[in-house]
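Take a look at the structure set out below.
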Amino acid sequence: SSQQPIKLVEVGPRDGLQNEKTPLDAQIKVELIERLVRSGLRDVEAGSFVSPKWVPQMATTPEVLTSPTLAQLRRDYPDLSLPVLVPNARGLSSLTTLLSQHPSDPPLTNEIAVFVAASEGFSRANLNTTVADSLASLPPIFDSAKKQGLRVRAYVSVVLGCPFDGRIEPEKVAGVAKELLEMGAYEVSLGDTIGVGVPAGWEKLLNECERKGVPVSKLAAHCHDTYGTAISNILHCVSLGIPTVDTSIASLGGCPYSPGATGNVSTEDVLYALYHSGIPSSFFPSPPEAGEGTLLGWNGEGEDKERFERLCAV
Ligand code: HMG
Ligand code: MG
């Protein structure tokens with residue numbers, strides 16, 4: 001196929017684990033990241049520099065990032081990206097300090113992710129601020145990241161519905177996404193945080209983005225599977241030109257500030273669907289013709305099947 005491979009961003013170690021009540025040792029997270037990377041994923045969110053009072057599970061992020069195992073992974077896979085979430089200037093300055101205390105080549109990370117809500121209710125619950133104030137706080141963060149050679153990914157959450165405010169207007173999401181691109185985000189990930197989207201809703205949203213000057217080629221789809229629609233949403237978004245999809249191994253996660261939301265869409269399911277649809281991805285760059293795939297045991301043999309099984313065993 002002449003299509004550019006769909007980039008998969010694995011969010012399990014961050015979005016997936018941030019909700020877990022039992023504190024996990026840094027070593028377990030490191031091992032998870034290692035297995036994900038060694039099984040073939042190249043963009044793996046490694047943690048967050050958020051307030052430990054808000055998300056205690058992410059307090060180990062500095063320990064995770066500085067582990068010798070991750071240093072080895074960075075050397076083994078030069079194209080590896082390990083983005084970390086940064087909610088405010090305080091978070092970025094913690095990362096800056098860590099980077100200066102642990103100079104290495106490649107550096108601990110080359111990418112941060114900022115996040116903004118599409119609704120006031122979610123912004124209050126997730127960031128304790130308004131949408132306007134959270135956008136206004138970002139330019140210095142973009143500036144400082146740029147000076148440090150960190151690229152910036154941006155999330156917009158609750159793009160198709162909010163647990164507090166209900167329906168979200170596509171114009172609102174497109175407006176926020178546009179501001180984030182203008183600030184310098186290389187990509188904006190649209191989060192259906194509570195998993196209420198269907199393909200038609202995504203299509204409306206993407207059309208509105210295009211209309212507002214936000215090219216679909218700069219967007220990522222971040223789907224949750226509350227109503228079982230995530231895979232259809234993703235295949236539809238991909239058919240409309242979305243180049244990047246966020247997924248979470250074993251559908252780990254949900255968001256601590258979205259009551260009732262279930263997991264992120266699972267990495268295995270997305271890869272299964274893309275592969276058998278003949279759509280190249282960063283994990284399977286050369287899938288067989290649509291409908292011809294053999295990732296399951298029936299008559300399947302060979303390297304793709306082994307790689308898929310290794311990923312499923314993570
Ligand atoms: P706040 O309470 O308004 O801020 O929280 P504050 O400035 O009053 O700080 C409270 C305490 O946290 C203070 O400590 C600060 O120093 C400290 P104290 O003085 O009480 O001892 N603090 C920090 N500590 C470490 N790192 C920091 C930091 N900032 C302040 N960066 C704040 C505001 C933004 C900090 C808070 O709301 C927060 O951390 N929010 C993040 C919540 C979060 O991580 N949510 C999940 C990520 S978003 C998501 O999952 C959706 C997404 O995955 C897409 C999707 O699924 O759809 C992206
Ligand atoms: Mg999520």
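The values are calculated or read from the model by the stated rules, or taken from the named source; none is laboratory data. Remember, predicted model here, so these are calculated numbers, not experimental data. Don't worry about glycine lacking a Cβ; one is built from the backbone with ideal geometry, like all the others, and counts go over all protein chains shown.
Observations on the structure shown:
- Scanning region 1-31 for residues that are within 16 Å of the chain's Cα centre (by Cα) and closer than 13 Å to L252 by Cβ yields E10, V11, G12, P13, R14, D15, G16, L17, Q18, N19.
- Within region 128-158, the residues that satisfy the criterion of being surrounded by fewer than 20 Cβ atoms within 10 Å (Cβ to Cβ), in a helix (DSSP H, G or I) and not aliphatic (A, V, I, L, M) are D133, P139, P140, D143, S144, K146, K147.
- Qualifying residue in region 246-259 (condition: part of a helix (DSSP H, G or I), within 16 Å of ligand 2 (Cβ to nearest atom) and acidic (D, E)): no
- Filter result (hydrophobic (A, V, I, L, M, F, W, C) and surrounded by 19 or more Cβ atoms within 10 Å (Cβ to Cβ)) within region 56-66: M58, V64, L65
- For region 179-208, the set of residues classified as over 21 Å from V270 (Cβ atoms) and touching a strand residue (DSSP E or B) at 6+ places or on another chain (Cβ under 9 Å) consists of E179, L180, L181, M183, G184, A185, Y186, listed by residue number.
- Residue match in region 24-37 (condition: touching a strand residue (DSSP E or B) at 6+ places or on another chain (Cβ under 7 Å), in contact (Cβ under 8 Å) with a residue 12 or more places away in the chain and within 16 Å of ligand 1 (Cβ to nearest atom)): no
- Some residue of region 222-239 being in contact with a His (Cβ under 8 Å, 6 or more places away or on another chain), modelled with pLDDT of 95 or more, in a strand (DSSP E or B) and closer than 19 Å to D15 by Cα: no
- Selection within region 159-189 - outside any loop (DSSP other than H, G, I, E, B) and either in contact with a His (Cβ under 6 Å, 6 or more places away or on another chain) or of a type in the set (G, A, S) (or both): G166, A174, G175, A177, S189
- A search for C-beta distances below 7 Å between a residue of region 296-307 that is of a type in the set (G, A, S) and any residue that is surrounded by 12 or more Cβ atoms within 10 Å (Cβ to Cβ) and at pLDDT 75 or above, counting only pairs 6+ apart in sequence or on different chains, returns G300/T294.
- Considering region 101-135, the residues that are among the acidic types (D, E) and at pLDDT 95 or above include one that is nearest to A185 (Cα to Cα), namely E111.
- Residue in region 227-239 that is crowded, with 21+ Cβ neighbours inside 10 Å, over 16 Å from the mean Cα position of the chain (by Cα) and within 16 Å of ligand 1 (Cβ to nearest atom) present: yes
- Summed over region 20-39, residues that are part of a loop (DSSP other than H, G, I, E, B) and crowded, with 17+ Cβ neighbours inside 10 Å total 1.
- Where a residue in region 173-184 is free of Cβ contacts under 8 Å to residues at least 12 places away in the same chain and its partner, wherever it lies, is surrounded by fewer than 24 Cβ atoms within 10 Å (Cβ to Cβ), with Cβ under 9 Å and at least six apart: none
- Unmet criterion (only one of (1) at pLDDT 95 or above; (2) at positive phi) for F142: (2)
- In region 67-117, the qualifying residues are those that are part of a loop (DSSP other than H, G, I, E, B) and over 21 Å from the mean Cα position of the chain (by Cα), and the one that is surrounded by the most Cβ atoms within 10 Å (Cβ to Cβ) is S67.
- Test for E179: is it within 20 Å of the chain's Cα centre (by Cα), under 28 Å from S67 (Cβ atoms), more than 12 Å from ligand 1 (Cβ to nearest atom) and of a type in the set (D, E): no
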